[in-house]
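Student: Below: one structure in structure tokens.
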Amino acid sequence: RTRPGKCFRLYTKSFYDKKMPDVSAPEIQRTSLVGAVLYLKSLNLDVDVLAFDFLDPPEEAALEDALRQLYILDAIDVDGQVTELGRRMSGLPLEPSLARALLAATELGCLPEVISVASMLSSEHVFAAGQG
């Protein structure tokens, strides 16, 4: 609060004082880094993501996991360079795993079905509660 008044909380004062953090962790430390790493690597700047000077650096294990996932998706090669498939994936506004699925579906002739699955998986709230 920034003004005088009453504040109603849905938790106890003890919980607030002892268990709630003063500030939340930066988003880069809380979320998957696969998309961000693919974006950085696709910039043609020869970026070493493990040595990149992040404002709020994520854990090295999270970056290594993102690189491992990109390698499994064939977005990067064994040397960490972005593949042609990875470049195509980085151009899609989706998580890399969904982008890979869409590109594979194009080759396999089942794009409409995979578009439905990808759209459901990329939305947080698929079903809305009825009004009334």
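The values are calculated or read from the model by the stated rules, or taken from the named source; none is laboratory data. Just so it is clear, the model here is predicted, and its values are computed rather than measured. Backbone-built Cβ (ideal geometry, glycine too); neighbour counts: all protein chains shown. Only protein heavy atoms, including side chains, enter the accessible area calculation; ligands, DNA and RNA are left aside. Shrake-Rupley method; radii C 1.70, N 1.55, O 1.52, S 1.80 Å.
Student: Among Leu85, Leu111, which is the only one that is surrounded by 11 or more Cβ atoms within 10 Å (Cβ to Cβ) and free of Cβ contacts under 8 Å to residues at least 12 places away in the same chain?
Tutor: Of Leu85, Leu111, the one residue that is surrounded by 11 or more Cβ atoms within 10 Å (Cβ to Cβ) and free of Cβ contacts under 8 Å to residues at least 12 places away in the same chain is Leu111.
Student: Regarding Leu38, is this residue in a helix (DSSP H, G or I), touching a strand residue (DSSP E or B) at 6+ places or on another chain (Cβ under 7 Å) and closer than 21 Å to Ala104 by Cα?
Tutor: Spelling it out, it is not the case that Leu38 is in a helix (DSSP H, G or I), touching a strand residue (DSSP E or B) at 6+ places or on another chain (Cβ under 7 Å) and closer than 21 Å to Ala104 by Cα.
For (1) open to solvent by 70 Å² or more (accessible area, probe 1.4 Å); (2) out of contact with any His (no Cβ under 7 Å at 6 or more places or on another chain); (3) at negative phi, each residue gets a yes or a no:
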residue: Gln29; (1), (2), (3): yes, yes, yes
residue: Asn44; (1), (2), (3): yes, yes, no
residue: Ile76; (1), (2), (3): no, yes, yes
residue: Met89; (1), (2), (3): no, yes, yes
residue: Thr106; (1), (2), (3): yes, yes, yes
residue: Ala118; (1), (2), (3): no, yes, yes
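Student: Another question, if that's okay. State all residues of region 1-43 that are among the polar types (S, T, N, Q) and within 23 Å of Ile76 (Cα to Cα); if no residue qualifies, say none.
Tutor: Hits for region 1-43 are Gln29, Thr31, Ser32, Ser42.
Student: Residue check: is Pro58 open to solvent by less than 70 Å² (accessible area, probe 1.4 Å) and either modelled with pLDDT under 95 or farther than 25 Å from Ser116 by Cβ (or both)?
Tutor: Yes, satisfied.
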